[in-house]
Amino acid sequence: MIGQDPRAAGRLEPGDSEGPLGRRILLDRVGEVTVDLDQPAASRLTGIIEDPGRDAESRRDALATQLMEIFRLHKSRAAFGLLFELNRAHLLQQVSARLRRYGSKADPNDVLQEVFVNIYRYPHRFNCEREDAFRVWSATIVRNTVLKHLRSLSRSGRAEVPFEDLPEQPEPSCKGPLGGAIESESTQECNRVFVTYLHLYLRFYTMLSEREQRAIHLVEVETRSYREAAQELGIKLENLKMVIFRARRKIHRSMRRVFEGLPPDVRPARDPRSTNGRGTKSQSGGINAEDVSL
């Protein structure tokens, strides 16, 4: 199908026998699609084709949306085949235009094939509430597929894509009840681990000295700048950075010891105004080697 002439695909001629997808041929093809479906589905498609008030674009939009919904519900290959024929030409134009925009010499037909693969793989993400739903949805798939293709070339050093244009490409999800159960159990386990992590962090945070706790609170909870936090604590900026660095390191090392089955070793730093090990008092706002026990 991918190799057919784009000028021949996607044309909805008004005459019964004009073009490869004239009304008579469309009616025959729709009959093949709906042979095993209920009467309302067949009536909707027939009504769209025979509506004299529709132009070619409106007819294609409405047909494509209904065919995609049939494929979503019934996985009908006949519906997908007709959907391809109706939309190949204008989707190929979109792909070509986007490739030209980024100066890519990739074959548009190769990218178009990937577009239809994605349409085939993700029908559950389609919403048919609007008559032009397929046109809007497929345009998004074209954009993401082109950018994913260019991103793969960029990684190999053959192309560059602006960062802001890179899409969030969904990965295939696990299918079936077993896949859903595994995903649910994984989520629950992740939540339990995260709660344990937070509990340990709070436990070791409360074991820090008052000054260390206050420094971390100012920077991480109140989102104060380091300079503002240093002024609040009455210490030099460089000393504040060292206090926070060492406090964080004590917490993380103690958490790691717990995860390794060892006892934690967090001990509050000495008051900086106390006498250091050499019998001299530390400078105002200074930090002694004994401030942190690691």
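Read the figures in this text as sums done on the coordinates, not as results from a lab. The shown structure was predicted, so the numbers you read here are calculated from the model rather than taken from an experiment. So basically every Cβ, Gly included, is an ideal-geometry build from the backbone, and we count neighbours across all protein chains shown.
Hey, fewest Cβ within 10 Å first, where do Thr65, Thr140 land in order?
Ascending Cβ contact count within 10 Å gives the list Thr140, Thr65.
Arrange the following residues from fewest to most other Cβ atoms within 10 Å of their Cβ: Ile25, Ile244.
Ascending Cβ contact count within 10 Å gives the list Ile25, Ile244.
Taking 0.36 nm per intervening residue step and subtracting the Cα-Cα distance, what contour gain separates Arg24 from Phe194 on full extension?
Extending this stretch completely gives an extra 55.0 nm.
Using only alpha-carbon positions, what ratio does the radius of gyration of region 23-165 give when scaled by 2.2 N^0.38 Å?
Taking N as the residue count of region 23-165, the ratio is 1.16.
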